[in-house]
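Engineer: This is the structure I have questions about; it appears just below.
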C-alpha cells in the first residue's frame, strides 16, 4: 500500500475512535474539531487515490463495507448520531457502487487517439455488463464471460501500463516472430512500460479489430481480416488530414489519417484470450501496433454513449455531441 494513504488511513482510524469517545462524553467542541480534521484527511486520501489511478469502483466498495461496519458499531454502542449517519452513507454508497460496477461507469476521453468519433473532453458511458459482471474494482468475473465483438469501442487496461506484465503476455506468439521483429517489439514494449506503467494500470479506449483466431494484416492504411479487405471510402481530404469511411462487420465508422503510416506493415494471428485494438486516429494512436494484444482479463467495458463534452474548466459543459458511439 502507498505510504501516504496508509498514514492518512491511520489518522482516520485514530480520529474515528476519538470522535466516538468525545460523542459518548458529550465533548461537542472536540468532536467538531476531530470531524473537521477527518474531512480534510479524507480529501487528501481521495486526491492520492486519483493520483495513483486506483480503481474508484474498489474504493466505493471498501467505503460501503466500512460504512456498514460503522453502522453496526453505532448500534452496539447505542450512538444514535453514528448509527444514523453511517446508515445513510451505506445506502448511498451501495447504490452508487452497484450502478458504477454493474451498469454504467462514466469515463472522460483523455486523448485524440479516437478522433473524429471521440474528441478530447467527451464523457462517455461505459457499459460494465457488456462483457460480463466483475467484482467491483477487480478482474474477478462473476458469472459468464461475454466476449467482445469486432468493431466494439472497448475500455481496457493495455499490458504496457502494468508494471508487472511481461512482454510475452502482450505477445504470446513472440517466439514465432523473426529475430528482428522480436527484438523490435521487445525494445518498444519495454521502453513504453518503463515510462508509462503504474501499479493499477491505465484505462485506454480503442476499437477492437481482431478477436481470438483472427488473422489481421495491415499494410499502410489498408486492413485485411481473415483474408477479407475492409471497405474504405474517402469522404474528405485536405492538406491536414484525410477522413475515410471504414466498414467493419457491416458497421461503418470514420477514421482519420495524416499520411504518416503509408509504408508500415503488420501481421497478427490473435491468440486465445487476447484482442487486437487500434485507434480511429490512425497516425496519432498508441495501440496494438506498438504494445501488442490486450488480455480479456483487463476488459473494463464497452463505450456506448457520449453523454456530455467538457473540454476544460474555462468552458461550459455541452450536450451538443450526445450520441451513440459507433
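Engineer: Applying the selection to the stretch 218-231, what residues are assigned to a strand (DSSP E or B) and either touching a helix residue (DSSP H, G or I) at 6+ places or on another chain (Cβ under 8 Å) or surrounded by fewer than 16 Cβ atoms within 10 Å (Cβ to Cβ) (or both)?
Structural biologist: Scanning the stretch 218-231 gives 218, 219, 222, 224, 228, 229, 231.
Engineer: Looking at 305, 275, which is the one that is in contact with a helix residue (DSSP H, G or I) (Cβ under 9 Å, 6 or more places away or on another chain) and either free of Cβ contacts under 8 Å to residues at least 24 places away in the same chain or in a strand (DSSP E or B) (or both)?
Structural biologist: Answer to the selection: 275.
Engineer: Working only within the stretch 119-144, note down all residues that are over 30 Å from residue 316 (Cβ atoms) and surrounded by 15 or more Cβ atoms within 10 Å (Cβ to Cβ).
Structural biologist: 129, 130, 131, 132, 133, 134, 136, 137, 141
Engineer: Out of the residues in the stretch 184-211 that are part of a strand (DSSP E or B), at pLDDT 95 or above and within 30 Å of residue 59 (Cβ to Cβ), state the one that is nearest to the chain's Cα centre (by Cα).
Structural biologist: 204
Engineer: I would also like to ask the following. Only one of these is loosely packed, with under 14 Cβ neighbours inside 10 Å and touching a residue at least 40 places away in the same chain (Cβ under 8 Å): 43, 17, 58, 77. Name it.
Structural biologist: The unique qualifying residue is 77.
Engineer: State whether the residues of the stretch 84-99 include one that is within 18 Å of residue 304 (Cα to Cα) and either in contact with a helix residue (DSSP H, G or I) (Cβ under 7 Å, 6 or more places away or on another chain) or modelled with pLDDT under 95 (or both).
Structural biologist: Yes, because at least one residue in the stretch 84-99 is within 18 Å of residue 304 (Cα to Cα) and either in contact with a helix residue (DSSP H, G or I) (Cβ under 7 Å, 6 or more places away or on another chain) or modelled with pLDDT under 95 (or both).
Engineer: Residue 289 fails exactly one of the following numbered conditions: (1) at pLDDT 95 or above; (2) surrounded by fewer than 16 Cβ atoms within 10 Å (Cβ to Cβ); (3) not in a strand (DSSP E or B). What is the number of that condition?
Structural biologist: Unmet condition: (2).
Engineer: Out of 110, 116, which single residue is surrounded by fewer than 19 Cβ atoms within 10 Å (Cβ to Cβ) and touching a residue at least 12 places away in the same chain (Cβ under 8 Å)?
Structural biologist: Checking each option against the conditions leaves just 116.
The values are calculated or read from the model by the stated rules, or taken from the named source; none is laboratory data. Just so you know, these numbers come straight off a predicted model, no measurement behind them. Using ideal geometry, Cβ is built from the backbone for each residue, glycine included, and neighbour counts are taken over all protein chains shown.
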